[in-house]
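The next block holds one structure in the form of structure tokens; read it before the comments.
What follows draws every value from the coordinates through simple rules; no lab data is involved. This is a predicted model, so every value here is computed, not measured. Quick reminder, even Gly has a Cβ in these numbers, built from the backbone with ideal geometry, and neighbours come from all protein chains shown.
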Amino acid sequence: MWFFDSWSVLDGLAFASLRDADSIKADDTVFLSVPELEPVPVGRISTALRAERSGFQDGFRDRDGAEYEFDSLDQIREVIRRGYLAGGLGPVPTPREGPPPSPFRGEPETPEPPPMPRDGGEHYDEEIERLSSATPPFDLSGLSDNKLRQPLLEKLFRNAQLLQGYLRAFAEATVFDYIRTRRPDLHHPHPRATLLMWLRILHALDLWSYEAADRFDMRWLYQHFFPDYEPWDAAYWEKEVLFQIPCPLREKWHHSIRSLGHKMFLPLVDRSYYASNNQIPEFIPGLLCAMIAVLTPDLAVARRYPQIDQHRLIGRACEWLNSQLPQVPLPSDVEEELSRFAWARISLNPERPRRSGGSGRALAR
């Protein structure tokens, strides 16, 4: 059987050996590292054990101290990959004390912030209620099962037109929540550039437009911030943007979910995620992130063929999800450990404010 010898979970680094439990006599020892996770032979298991002096944890054990065992190296690789992704769910470390401010970087004045948009989660909930009457029920719990996942994603792809209203509503909600979060400092270059990048991405997905800004009384976005903005430009984006855009929260979602990146990583780590998030509205955030993950200038939605282009893009996103959701079956107790670790990492983030009049209670998912 294969066992972890030492593991740096957050760094995606591990040593593993083919051996008996709690033995230091190994038939084979390898080192694995993200992103490729290709096994590199190690001459001696002592090299793996010495890594514990450099911050690696002692193997991978249950709460009674017994080592988890694995049938194959593929299972080891799956655990490292998903543990590394789960590490990204926690807060980003910041230095205790930054450099002193430069006297040349002060602002002459703080301008009046733009109008406060509505709450994104509230907008999404209202649109869900409006759209649900025309949407047949889908049970998405099969996304947790490797055998059921692809047929279910194919079914969703065949019904892609039913998803577009939800995608548009959720995309609109992300714009509202970004502005609500960064409203006091949108006059600074970085938050303004992030918003510009995000609007370009949503334009390329045909999920935001000047008409949408007009409908929500947000024409000031273009009049005051982006007078030279060209909405037909192909999207340029950096993957980090998903961790800079707040995730609109339904009242029942965990309020320590800070960003779209968090909402994307959770189902990639926790195989049971779709067991409790098995309806279309819960699937939409992951689908939107997947559409952005596969977006290229060639796949951007053109004004002349919006339905065809968006349908094609949803198909590429479903293909991406099929390859990125948990792949290799693991022992049930290991799956439970990964799920606990993911939600423990999320819980390290400060909770976001709840809506006024809310229940004050968020579900674990």
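Some notes on this structure:
- Anisotropy class of segment 2-87 from Cα gyration tensor, a/c 1.5 cut: rounded
- Interchain or long-range residues, amide H under 5 Å from ASP5's placed H: PHE15, ALA16, SER17
- Ranking of ILE308, ILE245 by neighbouring Cβ atoms within 10 Å, starting from the fewest: ILE308, ILE245.
- Karplus-derived HN-Hα couplings along segment 133-144 (A = 6.51, B = -1.76, C = 1.60, θ = phi - 60°), whole Hz, x at Gly and Pro: 5, 9, 10, x, x, 10, 9, 9, 4, x, 5, 7
- Taking the charge dipole of the chain about its Cα centre, with +1 at Lys and Arg Cβ atoms and -1 at Asp and Glu Cβ atoms, the residue from GLN310, LEU330, GLN57 reaching farthest to the positive side is GLN310.
- Gained length - ARG180 relative to ALA344, 0.36 nm times residue gap less alpha-carbon distance: 56.4 nm
- The charge dipole of segment 120-347, taken about its Cα centre with unit charges on the Cβ of Lys, Arg, Asp and Glu (plus for the first two, minus for the last two), comes to roughly 160 debye.
- Straight-line cross-link partners of LYS147 among the lysines, defined as a Cα under 22 Å from its Cα and at least 8 positions apart when in the same chain: LYS155.
- Computed from Cα atoms, the angle from the helix 306-324 axis to the main principal axis of the chain rounds to 20 degrees.
- Against the chain, whose longest principal axis comes from its Cα atoms, helix 146-158 is set at around 20 degrees.
- Peptides ranked, highest mean first, by Cβ atoms within 10 Å: ranges 84-91, 345-352: 84-91, 345-352
- On Cα atoms only, tilt of 160-182 relative to the major axis of the chain in degrees: 80 degrees
- For segment 12-159: Kirkwood Rh in Å [reciprocal of mean 1/r, alpha carbons]: 21.5 Å
- Among 131-137, 294-300, 29-35, 174-180, the order from most to least packed when residues are scored by Cβ within 10 Å on average: 174-180, 29-35, 294-300, 131-137
- Karplus-based coupling profile of segment 20-34, in residue order and whole Hz: 8, 4, 6, 9, 9, 9, 10, 7, 7, 10, 9, 10, 10, 9, 5, with θ = phi - 60° in 6.51 cos²θ - 1.76 cosθ + 1.60 and x standing for Gly or Pro.
- Rounded to the nearest whole Hz, the Karplus-based 3J(HN,Hα) values (6.51 cos²θ - 1.76 cosθ + 1.60, θ = phi - 60°) of segment 87-94 follow the sequence x, x, 7, x, x, 7, x, 10, with x at glycine and proline.
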